[in-house]
1. Please go through region 114-160 and pick out each residue that is at pLDDT below 95 and in contact with a strand residue (DSSP E or B) (Cβ under 8 Å, 6 or more places away or on another chain).
2. Please go through region 158-170 and give me each residue that is without any contact (Cβ under 8 Å) to a residue 60 or more places away in the chain and either farther than 27 Å from residue 483 by Cα or in contact with a helix residue (DSSP H, G or I) (Cβ under 6 Å, 6 or more places away or on another chain) (or both), ordered by number.
3. Among the helices (runs of 4 or more DSSP H) contained in region 391-507, which hold 3 or more residues that are more than 19 Å from residue 10 (Cβ to Cβ)?
4. Which residues, counting only those in region 226-248, are out of contact with any helix residue (DSSP H, G or I) (no Cβ under 8 Å at 6 or more places or on another chain), surrounded by fewer than 18 Cβ atoms within 10 Å (Cβ to Cβ) and outside any strand (DSSP E or B)?
5. Can you give me the number of residues within region 253-268 that are exposed (fewer than 15 other Cβ atoms within 10 Å of the Cβ) and under 14 Å from residue 34 (Cα atoms)?
6. Going through region 161-173 one residue at a time, which ones are part of a helix (DSSP H, G or I) and modelled with pLDDT under 95?
7. Filter region 75-132 for residues that are part of a loop (DSSP other than H, G, I, E, B) and without any contact (Cβ under 8 Å) to a residue 40 or more places away in the chain; which is surrounded by the most Cβ atoms within 10 Å (Cβ to Cβ)?
8. Free of Cβ contacts under 8 Å to residues at least 12 places away in the same chain and part of a helix (DSSP H, G or I): which single residue out of 184, 155 fits that description?
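The values are calculated or read from the model by the stated rules, or taken from the named source; none is laboratory data. Note that the structure is predicted; figures quoted are calculated from it, not measured. All Cβ positions, even for glycine, are placed from backbone atoms using ideal geometry, and neighbour counts span all protein chains on display.
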């Protein structure tokens, strides 16, 4: 039997950060990953002469060395920033919506964003300015909460971040209307909602404002060699700190003692690892459903009460012409039927009705990411129900082609670009693909959906109460920070530091 102070299950974004924090805290740490590569979604793959980014559109709140965002600060503390070559994203996004006849391209930088919004929507400046002032207060309040591991002083919070507390129970649409923001400005500002996968009547304003502010305040960045460059840098750092990493190794059981606390982990080859601390970078549904025998009933009820967020579908294209020749003007596109997120969310429940897509041309951020005279694109949508489970096995490939064809046709129609006749390589990932490769229930890529009772603020406030099993914590998209690259990194940071604290208290 091998013994470790802590075992991290899963080398996704959250698990990698948690492992570094554990090692920095002095704990002998093992990280196990069933795949032969680290990163989970944070990876890349090759088809022909193209190396595609698997999932990252852009990493927000990174900033420059002299104006560092929270993500850069975290990466600096982890010791990985300088191991990665970073590229700036040229603009925030272009949003096109059919019902509203909307076509707007928005820049990074708060002042530039407000000025561009005023140009599109005269009279919007005051309300959009108030939005960013409120969003910045929210960012600072979250930074304070993270610095104290969620053990916030309520009096300090009210005194210093009163507006954060006041708007904590309201939805995005409620607050934007209270700010008297014109509807067209709301529509343009709402473009990012699909990145969080919940409609703006249900989504917490704090969650959305935090994300938008982090994108716009300091811009976004992209690793030159795709998100896999981040994953490899973190594994290198784990090994520098003396940690052990096992690939092609699956943790199949989490053992518990007589009191129900963690006592060990069993690997797929039968090896038993003695440990009192596990950070699971996977879904609680998976951990409680097939990895543990003793789970408190309250934990099972809480987990089953949660709602799965979007199931992923992504198409990757390698094109035999460059972006200029094809008429691909922007890096990041949002294509909607309507900017009414409630109606749009409802249409995204079924394969037949879902025409939404977020589309990226990586060459606009890094012209040399593909061979000269070519470009790469990836198209992503979400399904807000498990409609792919209704597809018969004999119809699977036909359905993949149907959705891919719709995506290409929509992009050409909405943007005027001509890409169909120049496809050299195509690869399509459905919810089944994500379920198979990443082990996510139903192919979910956004963890549990952000809801009023289970959004960002409630989860951060309930971290102590949610820790019911001694020695077990979670990191990644299913944990306290919800989905997204930055959120997953911060969740690993929180869970890693909390586990170090648990270890030290145990003596």
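1. Selection gives nothing.
2. Filtering region 158-170 for residues without any contact (Cβ under 8 Å) to a residue 60 or more places away in the chain gives 158-167, 170.
Correct list: 158, 159, 160, 161, 163, 164, 165, 167, 170.
3. Working: elements: 396-415, 431-438, 456-461, 463-466, 485-506.
Output list reads 396-415, 456-461, 463-466, 485-506.
4. Scanning region 226-248 gives 239, 240, 247, 248.
5. Qualifying residue count for the region: 1.
6. As a first pass, look at region 161-173 and keep what is part of a helix (DSSP H, G or I): 162-166, 172-173.
162, 163, 164, 165, 166, listed by residue number.
7. Step one: of region 75-132, the residues part of a loop (DSSP other than H, G, I, E, B) are 79-80, 84-85, 89-92, 98-101, 107-109, 121-124.
Restricting the remaining residues to those that are without any contact (Cβ under 8 Å) to a residue 40 or more places away in the chain gives 101, 107, 122.
Values: 101: 7, 107: 17, 122: 11.
The selected residue is 107.
8. Values: 184 fails: free of Cβ contacts under 8 Å to residues at least 12 places away in the same chain.
None of the others qualify; the one that does is 155.
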